[in-house]
Amino acid sequence: MITICPRCNQRITMEPNTVDFVHECNSGNPTLDNEDVAVIGTWEDYTGSGTKSNALLQGAENELFGSRAAIEGEDVEEQTRRGARSSTHRQRQHLEFIKVEGGKE
């Protein structure tokens, strides 16, 4: 049985009567293959564990928060490829859950 990942458009081959499948996106495009996850303190998941060094800035939307430049609308925050703030988010491999239509339930 062959299906296509809706996120990265890769073909996936699986056994007949498969009901669901978890696919690790690997299209070669880092924007599609990864996802942004908000970091609050230390973290641990299937990609490992760690912490962000700037925990005090996690609630701030702008590095210039509280300064005159922020009041005037300046924003110099670095972003990931998907547009999330890199000071408060980390990247990890995206796993796409695919429910197979023809699978036996």
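The values are calculated or read from the model by the stated rules, or taken from the named source; none is laboratory data. Quantities reported herein were computed from a predicted structural model and do not represent experimental measurements. Neighbour counts run over all protein chains shown; Cβ positions are idealised from the backbone, glycine included.
Of all residues in the range 1-36, those that are charged (D, E, K, R) and assigned to a strand (DSSP E or B) total 5. In the list Glu74, Glu61, Glu105, which residue meets the criterion of being at pLDDT below 80 and touching a strand residue (DSSP E or B) at 6+ places or on another chain (Cβ under 8 Å)? Every option except Glu61 fails the conditions. If you filter the range 1-57 down to residues that are of a type in the set (D, E, K, R) and surrounded by 10 or more Cβ atoms within 10 Å (Cβ to Cβ), you find that the one that is modelled with the lowest pLDDT is Lys52. Taking the range 65-102 as the region of interest, how many residues are among the polar types (S, T, N, Q) and not in a loop (DSSP other than H, G, I, E, B)? The total comes to 3.
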